[in-house]
Amino acid sequence: MVKLRVAGTWSGVLDEVDLENWTVPTLREEVAKRSNVSPASINLICAGKMLKDGDGTEKLSQLGIRPNSKILASRVAVDEGKSLKDEEELNQRLARVKAAVTALSTRHADGALPLEDFNLEIEDQLGNKLHLSESDRQALMMGLMLHTNGKVLMKRGKFRDALEVLNMAEVGWLFLNIAGRFACLFKLFGYEFWEDSLLRVDNIAMLQMDMVWCYFMLKDIACLSVAGVRLDKARDGFERAHGKDASRLKLLQAGNSSELAVYLRLELLEAVVAYHSGQLEKSRRYLISAQTKFKRLQVSDEVLSVVMGMGFEENEAKRALRINNQDAERAVDFLVEERARKALKRQEDLKRQAEILEQKKYGVTPLKKAVDIQLLTGLVSIGFEKQLAAEALRRNENDTQKALDDLTNPETNATIQNDIETRKAKRQKQDTDSKIRLIASMGFDMPAVAAAVQAGGTTETIMRRLLQQGPLPDPAAALQAAAAHAQAVAADGAAAQAVAADGAAANAEPPADASFSEPRDVEMEDEIANELARRDALSDYDIDVTREGEAIDEYLALLDSTGRSSGSASTSGRGHQEKEIRN
């Protein structure tokens, strides 16, 4: 009889295990009994290998299990994915996410007129916009949006769903990765066409680490070998982006320690992979380093109360203290600056929102792009009427010189003005006819309605004027008219706010973009856009390390339970284990 050490769904020591007589089902039943779950929901892993039932006659000793061997027990769904219905729902959601991300990145990457009242911009950590080619911009947007959606799913504990989305994000990043390598090659020959900023972002490294975190939370030991490869890529990517010992990142972020939680998670995952690969000393080194970082990230109640006493919420106070090494004064300064940045960002967003609404007034160019507001402002600043200048830019695909040629040519200038006035009159007639038909449908006499509308005034004024002329011939229509009259006040209130937009829209070229009429998954697009809106430059570094702390203690205990002699005895078998895992 020997002892086996178990961790995972249940942690402890199994006494009196008969290695010569026990089978995998026997061991699984004992672990399940202590975990208070069904044996069918338990997976057993030893030395990086999944223990399978086989024919039920193979003994534990024949599988290489020895006294004091370490067993990892993980819980899985009994029906391997719950049901086909759940699988189908997941696939449908993934398809919706991919379609929505593709639609958003396409619309917001090529200068097309946004269908929404917002615009997606790619910025670095300092808030500077990245100016990229259309294809690079679209690929980068897709990768970022999918990665963000995956992170949201991770926070909700939906790690399987998150992993599927992160796999799609990796495909989006792959193009940029390949392009970046080719660009570096071309730079050797003097051709500078790739943005240096793309070669120094840590998004790809973060994606690799997030995928391995999903493996860890799903207890998917089958991904052990690929996990090691992903973590190597993550560490290389972080060093390239952050500099040696995160020196570049600290310089960018004024010396704060926002990266601590990221490197804590990275080292924990590296320790887990090393442990299950039989590299026990390497695992211990990573765990001790991660434990040191974990202690640095713990916020004392005294310091927290000081910061909260300055009027900040608990969550934002903890975040600021973790980033600023528990320094209350620096944390308060950080929070004040952060609020100021958010206020400025909000003003910029409102300004951009107003610009988009203005762009919609002017219609789209022949290639279905929006009128460039900056170019329009430049033309207005030298004396051209705004609507006229916008139409000249629209006609000439935002080519300032060609627009100037048209504006300074009396003949083309007159043609543009005539077209604007013609469209304005047509639009006004359409609006008037629509209002006449609406009011006449309530039972009023058509000629009387036409005269009242031509006389001018709000809908409420027109309705009152018609009711004063005499009763309606149809009582039911009269009731309908009264109800419409009551609603007119609210309708006119909303209409009054859009008077300027409606007036300018009358001058605009009717949008010819086919995407205006294409079916859209508005719900999913809004969900993704809202997820992006809630993130900031430090969101990726803001990690709750509670689970990491538990895992560090768990794996240190497993290492301690083996003893130094056990660690030395297992050295001879490591090469075989690692080879088996890689295969």
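Could you list all residues from the stretch 299-328 that are β-branched (V, I, T) and either open to solvent by 40 Å² or more (accessible area, probe 1.4 Å) or closer than 17 Å to L260 by Cβ (or both)? V299, V303, V306, I323 - these are the residues of the stretch 299-328 that are β-branched (V, I, T) and either open to solvent by 40 Å² or more (accessible area, probe 1.4 Å) or closer than 17 Å to L260 by Cβ (or both).
Restricting to the stretch 257-298, name every residue that is in a helix (DSSP H, G or I), open to solvent by 50 Å² or more (accessible area, probe 1.4 Å) and within 24 Å of C46 (Cβ to Cβ). E281, K282, R284, R285, Y286 - these are the residues of the stretch 257-298 that are in a helix (DSSP H, G or I), open to solvent by 50 Å² or more (accessible area, probe 1.4 Å) and within 24 Å of C46 (Cβ to Cβ). Count of the stretch 388-425 residues, restricted to those that are under 39 Å from the mean Cα position of the chain (by Cα) and not in a helix (DSSP H, G or I), is 4. On inspection, L350 fails the criterion of being in contact (Cβ under 8 Å) with a residue 24 or more places away in the chain, open to solvent by 60 Å² or more (accessible area, probe 1.4 Å), in a helix (DSSP H, G or I) and more than 27 Å from Y263 (Cβ to Cβ). Scanning for something assigned to a loop (DSSP other than H, G, I, E, B) and small (G, A, S), does the stretch 333-347 turn up at least one residue? Checking the stretch 333-347: not a single residue is assigned to a loop (DSSP other than H, G, I, E, B) and small (G, A, S). Residues in the stretch 406-421 that are closer than 19 Å to P366 by Cβ and surrounded by 14 or more Cβ atoms within 10 Å (Cβ to Cβ): 6 in all.
For the structure I just gave you, tell me whether D53 is surrounded by fewer than 20 Cβ atoms within 10 Å (Cβ to Cβ) and outside any strand (DSSP E or B). Here the answer is yes, as D53 does meet what is asked.
Restricted to the stretch 155-171, and to residues there that are under 18 Å from L144 (Cβ atoms) and open to solvent by 50 Å² or more (accessible area, probe 1.4 Å), the residue that is nearest to the chain's Cα centre (by Cα) is K155. The residue that is modelled with the lowest pLDDT, counting only those in the stretch 247-281 that are within 24 Å of the chain's Cα centre (by Cα) and among the small types (G, A, S), is S257.
Among the residues making up the stretch 422-443, those that are surrounded by 13 or more Cβ atoms within 10 Å (Cβ to Cβ) and either small (G, A, S) or at pLDDT below 75 (or both) are A440, S441, M442, G443.
Pairs are defined by a Cβ separation below 6 Å, a sequence spacing of at least 6 or placement on different chains, a first member in the stretch 273-288 that is among the acidic types (D, E), and a second member that is open to solvent by less than 60 Å² (accessible area, probe 1.4 Å) and at pLDDT 90 or above; no pair meets this definition. Note on the stretch 121-239: no enclosed helices (runs of 4 or more DSSP H) hold 3 or more residues that are in contact with a Cys (Cβ under 6 Å, 6 or more places away or on another chain), modelled with pLDDT of 85 or more and acidic (D, E).
The values are calculated or read from the model by the stated rules, or taken from the named source; none is laboratory data. Keep in mind the model is a prediction, meaning the values are calculated, not measured. All Cβ positions, even for glycine, are placed from backbone atoms using ideal geometry, and neighbour counts span all protein chains on display. Calculation scope for accessible area: heavy atoms of the full protein, side chains included, ligands and nucleic acids excluded. Shrake-Rupley method; radii C 1.70, N 1.55, O 1.52, S 1.80 Å.
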